[in-house]
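Values quoted throughout were computed directly from the atomic coordinates according to the rules given, and no laboratory measurement underlies them. Keep in mind the model is a prediction, meaning the values are calculated, not measured. Glycine gets a Cβ as well: all are built from the backbone with ideal geometry, and neighbour counts include every protein chain shown.
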Amino acid sequence: MNLRFLLFILIISFYSKTPLYGQFDKIENLKEDDSKKMRFGYYLGLNAVGAKVNYLPTNNGTPFRISVKPKPSFDVGLLADYRINEFLNIRFHPGVAFVEREIKFPFSEKDPRFTEALIKRVVKSNYVRLPVGIKLNTRRIRNARPFVMGSVSYNMNITSEETNSEDNSSGTFRMKRDVYAWEFAIGTDVYLPYFKFTTSVHGFFALSNEIIPDVDLNSVYTRYISSMKSRGIFLRFTFE
């Protein structure tokens, strides 16, 4: 994960809350709001998604490793929240995540078999996301309520190139369309006079292998890759 980008989004998260702390000393806002059974909203967010890659042993004993670096991207979505009780909610938060990753293969540009474009690529993935989560709330502290949330999600990579007959030999990095994942989030609901604003940080952990091997089983690009699973962090701003 890009540590500088992670530090950047955490700083944004901190400063986005700072102006709201003054609300804590005032009258409680939206007192009856938490009694509603159903709530709706939308969210905007930033993300950095990389991947966990597992490898097979090579014939010569030299490890084969590719570099997968996340690039800052964004996501948007909607929210439907069902209140079970004061401390428990079920939350459906579908959206679209635009993800970019820089993938570099461990080959030398001096090797005549490889061009720079084959060694280093930017792979773009657009995920239609359908997560369902259980949100655990603390007691309300004046105009704030911290929470944690666990979710499971189905994600459809609509730019996966899964059905493309071309592969890495021609510069096409193919990934599977269907991705299943679990997610964990921590955040704070802040009650403003007219709406509820939430800042949260989400971890994304794919459960399914996403890489599609090249047609040639002895491909130098994918022969020693056993699995590739997305790992990411999302910073989300929610309005309800």
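Arranged from fewest to most other beta-carbon atoms within 10 Å of their beta carbon, Ser151, Ser226 become Ser226, Ser151. Our summary gives region 74-204 a relative contact order of 19 percent, counting only alpha carbon pairs under 8 angstrom and 6 or more residues apart.
Cβ under 9 Å from Arg174's Cβ, Arg174 left aside: what net charge do those residues give with Lys, Arg +1 and Asp, Glu -1? That works out to -4.
Couplings for region 40-52, taken from phi via the Karplus curve 6.51 cos²θ - 1.76 cosθ + 1.60 with θ = phi - 60°, read 10, x, 8, 9, 10, x, 10, 8, 9, 10, x, 6, 9 Hz in order; Gly and Pro are left as x.
Tell me what the chain gives for mean residue ellipticity at 222 nm when only DSSP H runs of n ≥ 4 count, each as -39,500 (n - 2.57), the sum divided by the residue total, rounded to 500 deg cm²/dmol.
Details: 2 runs with 19 residues, N = 240.
Result for the chain: -2500 deg cm²/dmol, rounded to the nearest 500.
Put a dot 7 Å past the Cα of Ser226, heading toward its Cβ, do the same for Thr62, and the two dots end up 2.2 nm apart. The label point for Glu28 and the one for Tyr42, both projected 7 Å from the Cα toward the Cβ, are 3.0 nm apart. Straight-line cross-link reach from Lys124 at under 20 Å between alpha-carbon atoms covers these lysines, not counting any fewer than eight positions away in the same chain: Lys52, Lys69, Lys71, Lys104, Lys176, Lys229. Summing charges over all other residues whose Cβ lies under 13 Å from the Cβ of Asn54, with Lys and Arg as +1 and Asp and Glu as -1, gives +3.
Figure legend: label point modelled 7 angstrom from the Cα of Glu162 along Cα→Cβ; residues of region 194-231 with amide N under 16 Å from it are 206-214, 228-230. Computed over the chain, the Cα gyration tensor eigenvalues convert (square root of 5λ each) into semi-axes of 42, 18, 14 Å, ordered from largest to smallest. Computed from point charges on the beta carbon alone (+1 for Lys and Arg, -1 for Asp and Glu), the dipole magnitude for region 3-239 about its Cα centre is near 660 Debye. Between Ile233, Val190, Asn155, the Cα set farthest toward the positive side of the dipole of region 3-239 (charges on each charged residue's Cβ, about the Cα centre) is that of Val190. Could you pull out every one of the lysines with an alpha carbon less than 18 Å from that of Lys110, ignoring same-chain neighbours closer than 8 positions? Of all the lysines, those that pass the test against Lys110 - Cα under 18 Å, at least 8 places apart if same chain - are Lys120.
Remark: Asp178, Asp167, Asp189, Asp34 ranked as Asp178, Asp34, Asp167, Asp189, counting other beta-carbon atoms within 10 Å and listing the fewest first. Note that region 182-193 has calculated 3J(HN,Hα) couplings of 10, 9, 10, 9, 9, x, 9, 7, 10, 8, 9, x Hz, one per residue in order, obtained from phi through the Karplus relation 6.51 cos²θ - 1.76 cosθ + 1.60 (θ = phi - 60°); glycine and proline are x.
Contact order for region 3-239, expressed relative to its length and based on alpha carbon pairs under 8 Å spaced 6+ residues apart, stands at 21 percent.
Using the Cα centre of the chain as origin and beta-carbon charges of +1 (Lys, Arg) and -1 (Asp, Glu), tell me which of Gly171, Phe114, Ala181 is placed farthest towards the positive end of the dipole. Checked the options; the winner is Ala181.
Around Lys69, with a cut-off of 9 angstrom between Cβ atoms, what is the net charge of the other residues, counting Lys and Arg +1 and Asp and Glu -1? Residues near Lys69 contribute +2 overall. The order of Glu240, Glu32, going from fewest to most other C-beta atoms within 10 Å of their C-beta, is Glu32, Glu240. Here is the size of region 25-126 from its Cα atoms: Rg then Dmax, 22.9, 71 Å.
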